[in-house]
Structures are given as C-alpha cells and as structure tokens.
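Here the structure is laid out as structure tokens; the discussion comes afterwards.
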Amino acid sequence: MCEKSSVSPSSVPVVAVVLAAGFGTRFDPDNPKQLVSVGGKEIVVWSIEAFEKNPRVTDIIVVVNAQVGDEVERLIDANGFGKVRAVIPGGAERSDSTQNALQMLADAGIPGEAKVLIHDAVRPFVEQHSINGCIDALDEFEAATVAVASTDTVLLTEDLGDRKVIRTVPDRPNTFRAQTPQAFRFATIRKAYAQADSDPDFHPTDDTRVVVDYLPDTPVAIVAGTETNLKITTLADIPVAENIAETISGPRTREEAKVRMHAVFADAFKQMRR
Ligand SMILES: Nc1ccn([C@@H]2O[C@H](COP(=O)(O)OP(=O)(O)OP(=O)(O)O)[C@@H](O)[C@H]2O)c(=O)n1
Ligand SMILES: C[C@](O)(CO)[C@H](O)COP(=O)(O)O
C-alpha cells in the first residue's frame with residue numbers, strides 16, 4: 001500500500017482501482033462475468049493485468065464481492081500481480097464500491113495529489129494509450145474519463161406519461177459514450193463524493209458524474225477510448241469479446257473458442273431452467 005510521502009510530481013502515486021464487486025444481474029448471476037474466460041484468460045485477469053503491466057501505475061486496489069473474492073485473490077497470486085496492495089469488499093452499488101476503495105486509500109494516507117484511475121473489471125481490453133492518456137490528463141485537469149465519440153445521434157429524453165419523449169438532441173460532435181478508466185486527483189474525487197453523500201437519492205452510474213454534478217467548476221477531460229474497450233454486460237457480449245481477444249492474442253483454435261462459448265451459454269441455459 002502506498003506510504004504517506006512528500007511527493008514530487010514524478011513520484012506521485014498512480015493508483016488503479018479495479019471494480020469487480022458487481023453481481024452480473026444482466027449476465028448470469030450464477031456465473032460471475034468477472035471470472036468468465038475470454039481468449040483463455042479470465043476477464044478480471046485481463047483488466048488487472050492491463051494496469052500491472054503499465055510502468056506508470058504504482059499500486060492496484062481490487063474491489064470484490066463475497067461470490068468472487070476468494071477466486072480473484074487466487075488469480076492475483078497465480079498471475080503474480082505484485083502491484084495489488086489490497087483486495088477489499090465492494091458495496092451494493094458501483095459508487096459504493098468506489099467509495100470503499102477511496103476510504104481505504106484515505107486510511108492508508110495517500111496524498112491528495114495522487115492520481116486515481118477507476119476501472120470496470122469487466123472492460124478487459126482497455127488499451128495502454130487510454131491508461132497513459134488518463135495519467136497525462138491529470139497533469140492538466142483534476143478529472144478525466146476515457147470515452148468514445150458517438151457515431152449515432154444521441155437523444156436526451158424525459159418522461160411524458162408512460163412514454164419517453166425527446167427533450168434535446170445534442171450536436172453530434174459533443175456526444176460521447178463514457179468508458180473507463182475514469183481518473184481523478186485523489187482530493188478531487190473524495191471532495192465530490194463527500195458532497196454527493198448529502199443526497200441519498202443520488203445513484204450515479206459512473207464516477208465522473210459525481211464531479212460533474214457536485215464540482216461543476218471542475219472540468220472533466222475526455223481521453224480517447226476505443227470501440228474494443230467493451231464493457232461485458234450481457235451474455236451476448238461474450239462472442240464479441242472472444243473475437244477481440246483473438247485479435248489481441250492471436251488466433252486460438254476456432255474449436256477451442258466454440259467449446260468455451262458453448263460452455264458459457266450451456267451454463268446460463270442450465271441456470272435458466274432451474
Ligand atoms: N456494486 C457494484 C456494482 C458494479 N461493480 C463493478 O462495476 C463494473 C461495471 O458494472 P456492471 O457492468 O453494471 O456490472 P454489474 O453491476 O455486475 O452488472 P449488473 O448491473 O448487470 O448487475 C463491473 O466491473 C462491476 O463488477 C462493482 O464493483 N460494485
Ligand atoms: C462506468 C461505465 O462503464 C461508463 O460507461 C458505466 O456507467 C457502468 O455502468 P454499469 O451499469 O455499472 O455497467
């Protein structure tokens with residue numbers, strides 16, 4: 001764990017928080033997607049590995065739930081991920097898991113200028129240029145997020161009775177889909193969450209919204225993401241992920257990939273028949 005230190009910019013801690021405490025309700029609650037293998041490697045291993053192999057990342061915190069915690073710890077040991085300083089329990093919502101990690105970092109005394117990168121464990125194919133883009137962006141901004149420009153026109157809606165109706169249509173060049181990592185100076189994200197805690201009805205689906213809503217004068221920079229930085233959300237994402245993994249790792253036997261995919265789907269159908 002990072003020691004309390006007087007840091008110069010070059011030695012400021014760069015801490016990756018890998019969020020793996022979700023319950024996969026849109027996937028298969030009985031087959032945690034964090035532990036599913038694509039390209040022969042568990043999804044959570046892909047994600048932790050991306051930060052382990054980045055020389056600028058100094059520490060990693062992994063956030064888990066009771067269902068996956070033991071296996072994640074085994075995988076961390078088996079893969080020799082030496083930068084992982086702690087595996088801690090998450091919370092009911094994604095933002096609770098983030099806050100558990102932030103509290104742990106505060107208890108460990110990391111400096112306010114530390115760079116914290118918060119990443120979905122189920123985005124296994126995050127690229128090094130996105131991680132480095134976040135680290136660099138924090139030299140100029142207090143917050144930044146990986147995102148991809150929308151190729152569709154985005155519609156912002158509101159409720160009219162039981163229907164959604166369009167409220168505004170933003171100009172296409174100003175529309176992006178958020179990805180992760182989402183990066184912050186430690187003091188900034190802590191301050192934003194401290195202010196957000198006053199609203200029990202605030203349920204953000206990412207971390208940048210906490211800064212946007214509660215620190216409106218703090219710009220959040222966009223860092224280039226990629227279409228392959230896929231968030232694995234439903235079973236339908238597995239074949240796509242297998243193809244991406246094959247592109248990255250090189251062709252595995254098509255038969256192997258087919259067998260693996262059938263196993264995932266067979267397990268899911270078995271659960272559905274219960
Ligand atoms: N309480 C939570 C909820 C989500 N996450 C993590 O946040 C990332 C994005 O969440 P999502 O894809 O929604 O995962 P789940 O919450 O598991 O999925 P679902 O919403 O379908 O239950 C995942 O890596 C997930 O493990 C987390 O650490 N703690
Ligand atoms: C953080 C995120 O990946 C940005 O797109 C997304 O909001 C996570 O949403 P989820 O419902 O927790 O998967």
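Ordering Val12, His129, Ala143 by Cα displacement along the dipole of the chain toward the positive end leaves His129 in first place; charges were set at the Cβ atoms of Lys, Arg (+1) and Asp, Glu (-1). Could you please report the charge total around Val14, scoring K, R as +1 and D, E as -1 over all other residues with beta-carbon less than 9 angstrom from its beta-carbon? With Lys, Arg at +1 and Asp, Glu at -1, the neighbours total +1.
Cross-linked pairs Lys115/Lys164; Lys83/Lys258; Lys83/Lys191; Lys164/Lys270: Cα-Cα separations exceed 30 Å for Lys115/Lys164; Lys83/Lys258; Lys164/Lys270. Phi-derived couplings, Karplus 6.51 cos²θ - 1.76 cosθ + 1.60 at θ = phi - 60°, listed residue by residue for region 201-209: 9, 8, 10, x, 8, 8, 9, 5, 4 Hz, with x used for Gly and Pro.
Using Cα-Cα distances under 8 Å and only pairs 6 or more residues apart, what relative contact order does region 69-168 have, in percent? Worked out over region 69-168, it gives 11 percent. Springs between Cα atoms under 10 Å define the GNM used for the chain, and in it the highest mean-square fluctuation of Gly109, Gly250, Gly39 occurs at Gly250. For region 87-171, the Kirkwood hydrodynamic radius comes to 16.4 Å, computed from all pairs of different C-alpha atoms.
Tell me the carbon and sulfur percent of the accessible area for the chain, rounded to whole percent, probe radius 1.4 Å. That share works out to 52 percent. Taking the helices alone, the chain has a mean residue ellipticity at 222 nm of -10500 deg cm²/dmol, built from -39,500 (n - 2.57) per DSSP H run of at least 4 residues and averaged over all its residues. Structural descriptor for the chain: relative contact order 22 percent, calculated from alpha carbon pairs under 8 angstrom and at least 6 residues apart. Sparsely packed loop sites in region 147-251 (the chymotrypsin sites (Phe, Trp or Tyr not before Pro) outside DSSP H, G, I, E and B with at most 15 other Cβ atoms within 10 Å) comprise Phe202. Of all DSSP bridge pairs formed entirely within the chain, close to 45 percent run antiparallel. Normalised by 2.2 N^0.38 Å, where N is the number of residues, the C-alpha radius of gyration of the chain stands at 1.03.
Accessible surface area normalised per residue over the chain is 49 Å², counting heavy atoms of protein chains with a 1.4 Å rolling probe.
At full extension, Lys258 and Asp171 could sit 27.1 nm farther apart than now, given 0.36 nm per residue minus the alpha carbon distance.
The values are calculated or read from the model by the stated rules, or taken from the named source; none is laboratory data. All values derive from a computational prediction rather than experimental measurement. Positions of Cβ are backbone-derived with ideal geometry, glycine not excepted, and every protein chain shown enters the neighbour counts. The area values use the complete protein model at the heavy-atom level, side chains included, leaving out ligands, DNA and RNA. Shrake-Rupley method; radii C 1.70, N 1.55, O 1.52, S 1.80 Å.
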